[in-house]
Every structure is written in structure tokens, then in C-alpha cells.
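For reference, the structure is listed below as C-alpha cells.
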Amino acid sequence: MLIHLFKYEIKSIFRQLLPFYAALILFALLEKVFYMLQMPTIMSFTALFHILIIAAVMVFTLVVITRRFYSNFFSNEGYLTFTLPVKTWELITSKLIAALLFAFTGMLLTFATVFFLFVTINPDILAGVQFPFSTITPDDMLNLTTHFAAFIYGTLMYDATAILIIYASVSIGHLSREHSIFCAFAAFFGLFIFGQIFSFVLGANYYVTSLLLCGIFFIITNYILSHRLNLA
């Protein structure tokens, strides 16, 4: 059932984010075309729109994730959601995995379009760069793999912490039916400050503190949805 929930969540989010992904790729290509046609003025406009779309992708991804979470659990749709033969933690997990996938996809697509323009518009940037693959030792490959894995893990933990603090904030805010939006924002800032203090006091590795914070925010969300949810 968790797989079915995940697939459904992926399709729903993808339909909403697809226009932004398409626009990101389109304006990157237009920027390249106008550069080749030596039309710097129009290219400047397309570059500006490219930057705006990059910002829109990041912001709207969070908006879609938050709206999906709220509508599935706290709107009238919540009655249907909680009739599914799955546990609450599975519902949260399916949404979290889908949200992480699209947060990571947006970041990769942004880097890909920027790198494409950076290399194609400035081809000399790679001139003279040597890639001595034949001299790479097993230790070099291990170090490279370790750094890459640390980057991926760090990015995922950062995104997971951000998404789960939103989930927890929305859940806490819904405890107050009359002032849910205000309470959600207050909860967000409160949890954010708590996270900073928690990290400072613990003084542990970033990955450890992020993992612990994710666990705390997940538990808060799961508890409220399981024991304090009121859809009446």
C-alpha cells in the first residue's frame, strides 16, 4: 500500500510542477539561442526570466508540498485519507519520500540548466583542463565517492528537515481551528529556534543532529495526526 500511496503522490505533484520544469528548460534553451544569434538584449531578458523561474521552482515546490499535506489530512479530503487501510506513519512517509524526490529533482534540474549555459556559452572554460583518469588511484576514487555521498546525504537531510518542520508546523497549527494559519507560522518559527538551540547544545555532527531533528518533527506530526486530529 505504501508503494501505491507513493505513486499517487508522485503523479499528483508532478502534474503541478511539470510546467515549471518545462519553463526552466525552455528559457535555458532560449538563452542559448539568443546568444548564438548575438542578441544580447533579448538574451538578458531571457536570463532574467530564467533566474525568476529558478526561484519559482524552489518556492512553488514547497508550496505544493505544503498544500498537498494540508489538503490530504486537514481538509474534507482527510476523511477519505484516514479510511485507507494504512497506518498514519505510512501516509507521512509516502508524502515525505515524494517531497524529497521533487525537492532534489528541482535542484538537479537547476544545476543542469545553469551548467549547460555556463559551458556552452563559455566553451573556453574547459580549454586546457586535463582529466587524468589514468592516474586516479583507488584511494582517490574512494575519496571522491565519499565526498559525493556526503553531499547527497547532506542535501537530503537538509531537505527532509525543512519538509518535516513544515509538516509539524501545519499539524500544530491545526490544533487551533480558529487561528490555524497564525499558529502554524508561530509553530514554524518556534520549531526552527528549537532546532538551532538543539543543534548548539548537542554540539554533534550536522548529520547526526539533522537525523535527530527529523525524528522529532516526524514524531510530533505522527502523534498529532494519530491522536489529536479533529476534522469536525
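The values are calculated or read from the model by the stated rules, or taken from the named source; none is laboratory data. Just so it is clear, the model here is predicted, and its values are computed rather than measured. Note: ideal-geometry Cβ built from the backbone for every residue, glycine included; neighbour counts use all protein chains shown. The protein model used for the area step is the full one, side chains on, heavy atoms only, and it has no ligands, DNA or RNA in it. Shrake-Rupley method; radii C 1.70, N 1.55, O 1.52, S 1.80 Å.
The numbered conditions (1) in contact (Cβ under 8 Å) with a residue 60 or more places away in the chain; (2) surrounded by 18 or more Cβ atoms within 10 Å (Cβ to Cβ) are all true for residue 226 except (2). For the range 8-50, which positions are open to solvent by less than 90 Å² (accessible area, probe 1.4 Å) and outside any helix (DSSP H, G or I)? Of everything in the range 8-50, just one residue is open to solvent by less than 90 Å² (accessible area, probe 1.4 Å) and outside any helix (DSSP H, G or I), namely 39. Once the range 190-211 is narrowed to residues that are of a type in the set (A, V, I, L, M, F, W, C) and within 19 Å of the chain's Cα centre (by Cα), the residue that is surrounded by the fewest Cβ atoms within 10 Å (Cβ to Cβ) is 192.
Look at (1) charged (D, E, K, R); (2) over 14 Å from the mean Cα position of the chain (by Cα); (3) surrounded by 14 or more Cβ atoms within 10 Å (Cβ to Cβ) and you find that residue 87 fails only one, number (3). Is it the case that the range 131-140 has a residue that's surrounded by 10 or more Cβ atoms within 10 Å (Cβ to Cβ) and either at pLDDT 85 or above or part of a helix (DSSP H, G or I) (or both)? The answer is yes; a qualifying residue exists.
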